[in-house]
Amino acid sequence: MFGFNIEGEPSEENIKTANEFLDMVGLTEFKDSYPHELSGGMKQRVAIVRSLINNTSVLLMDEPFSALDVFNRRHLQEQLIEIQEKTKKVILFVTHDVEEAVFLSNKVVIMDYNLTY
């Protein structure tokens, strides 16, 4: 809610939406926690909530899970699929992990500097 607090008091609707997204990613009980009190995976989920609360039609994600261990990465991948199904957002997800790309996507675009194959 930090962004809304800068602009003034957040509306009841903003608070309700934030709480719904926190619940969606399993962080409701940590809503009053400071960043240093959260794990890496929790911080990534907070970043997803921050993006969702702005209500954009496209969610841009540039290697959001690259610094996470395998367990947290897989868990967040599954949560991201659930979030996409619930919100119907278009997600543009950048990754160097082919397995992650295949698991998360319905379309994969490979970009390479070498255009001769």
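Taken together, the values in this text are just the output of simple stated rules run on the coordinates, not laboratory data. Given the structure is predicted, the values throughout are model-derived calculations rather than measurements. Note: ideal-geometry Cβ built from the backbone for every residue, glycine included; neighbour counts use all protein chains shown.
Where does the chain land at 222 nm, in deg cm²/dmol rounded to the nearest 500, when only DSSP H runs of n ≥ 4 count, each adding -39500 (n - 2.57), divided by all residues?
-15000 deg cm²/dmol
Among Ile81, Ile53, Ile15, which one shows the biggest mean-square fluctuation in a GNM of the chain, springs joining Cα atoms closer than 10 Å?
The residue that fluctuates most here is Ile15.
Please get the size of the charge dipole for the chain, origin at its Cα centre, with Cβ charges of +1 on Lys and Arg and -1 on Asp and Glu, quoted in debye to the nearest 20.
Here the size comes out at about 220 debye.
In straight Cα distance, which lysines are under 30 Å from Lys31, not counting same-chain residues fewer than 8 positions off?
Lys16, Lys43, Lys86, Lys88, Lys89
Please name whichever of Met1, Thr95, Val108 sits farthest to the positive end of the charge dipole of the chain, dipole taken about the Cα centre and charges placed at Cβ: Lys and Arg +1, Asp and Glu -1.
Sorting the options by dipole projection puts first Val108.
Among Asp23, Asp62, Asp32, which one shows the highest mean-square fluctuation when the chain is modelled as a Gaussian network with alpha-carbon springs under 10 Å?
Answer for the Gaussian network model of the chain: Asp32.
Over the chain, with a Gaussian network built from C-alpha contacts below 10 Å, which listed residue (Ser105, Ser33, Ser51) shows the highest mean-square fluctuation?
Highest fluctuation of the listed residues: Ser33.
Give the residue from His36, Ile81, Pro10 lying farthest towards the positive end of the charge dipole for the chain; charges sit on Cβ (+1 for Lys and Arg, -1 for Asp and Glu) and the dipole is referred to the Cα centre.
Going by the Cα projections, it comes out as Ile81.
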